[in-house]
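Here is the structure we will look at.
The values are calculated or read from the model by the stated rules, or taken from the named source; none is laboratory data. Fair warning: this is a prediction, and the values are worked out from it, not measured in the lab. Methodologically, a virtual Cβ is constructed for each residue, glycine included, from the backbone with ideal geometry; neighbour enumeration extends over all protein chains shown. Keep in mind that these areas ignore ligands, DNA and RNA; they rest on the heavy atoms of the full protein, side chains included. Shrake-Rupley method; radii C 1.70, N 1.55, O 1.52, S 1.80 Å.
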Amino acid sequence: MQAEAVNTQITQRGIHFFFEHVIFRVSCSNFWKRVITYTLLMAVVGHLIENVYTGIGFLLGTFDVTDPNYVDIWLRPLKPMWVYSVCTLFFFFIIIPLKEQIHKRGRSKLLSITVVFTAAFLVAFLTELIMGLLLNQPNELGAYPLWDFSNYNLTVLNQAYLVNDFWYAVLMTVCAFVVFPLLEHRLAKLKPRTHTYIMLGAILFVGALFVWYLPTYLEPWQINGLVES
């Protein structure tokens, strides 16, 4: 009987969580407008943040200025990098609901930060690893089209660099507890029509950048002989 009661309680909590964090949000048009806006803009903002991150690494000697992994960062600073859009979607549908659920259970702030950071690290690591395995396979000469971590320590299958994933997790944690609540507080005061204008502005802005940089997306594979020119 006790086991059945526990199972019933878990099921009820699962249903409540589903309706609160999925059904409610899916039915809210402003939520989807913000998701689209954040997802598109983070493709550009994430690239700019990576510029700052690697710039600090160059100054500290962590990265070599001649490392081909970071050439595209300096040459095309506004090029939309869609890996950050993927992470943004995970941020919306995993990190934020997880943080809210922990908060509602009255857990300590330290536990909340620890759990969110762990989840963020897994998101960054798995996103980099899976996208690398799908899109960054070496050619017959062993050349990687997108990034090459074969000479780095703390990597997984030469695709995911754990040091970078750690700092991405730190960034997502800061966003979850500081940046995102501030933005949401500001956006909540805007009219639905304003949300629409912001979303359309993001679509036009990032869309224009995508079209501008479109020929460069296949360059890594062309250079390494993976795609015919």
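Points to keep in mind about this one:
- Shown in residue order for the stretch 141-150 are the 3J(HN,Hα) couplings computed by the Karplus curve 6.51 cos²θ - 1.76 cosθ + 1.60 at θ = phi - 60°: 8, x, 8, 8, x, 9, 8, 9, 9, 5 Hz (x for Gly and Pro).
- Contour excess over end-to-end distance, with Cα ends at residue 157 and residue 212 and 0.36 nm allotted per residue: 16.5 nm
- Ranking 121, 166 from most to least accessible surface, computed with a 1.4 Å probe over the protein chains only, gives 166, 121.
- Among 103-114, 141-152, 42-53, the order from most to least packed when residues are scored by Cβ within 10 Å on average: 42-53, 141-152, 103-114
- Inter-site label distance for residue 101 and residue 205 at 7 Å from Cα along Cβ, in nm: 3.3
- Computed lengthening from residue 89 to residue 194, 0.36 nm per intervening residue step minus Cα-Cα distance: 35.6 nm
- Rolling a 1.4 angstrom probe over the stretch 66-224 with all protein chains present gives an accessible area of which 73% lies on carbon and sulfur atoms.
- Cα centroid separation, the stretch 71-117 to the stretch 128-156: 23 Å.
- Once backbone amide H atoms are built at 1.01 Å from N, residue 160 has no partners under 5 Å, excluding neighbours fewer than 5 places away on the same chain.
- Over every Cα atom in the stretch 80-137, the radius of gyration and the widest Cα-Cα span, Dmax, amount to 13.5, 45 Å.
- Accessible surface for the stretch 148-202, divided over its residues, is 61 Å² per residue with a 1.4 Å probe.
- Structure note, pairs 33/79; 33/189; 104/191: Cα-Cα distances above 26 angstrom occur for 104/191.
- Charge dipole (debye, nearest 20) of the stretch 57-176; +1 at Cβ of Lys and Arg, -1 at Cβ of Asp and Glu: 800
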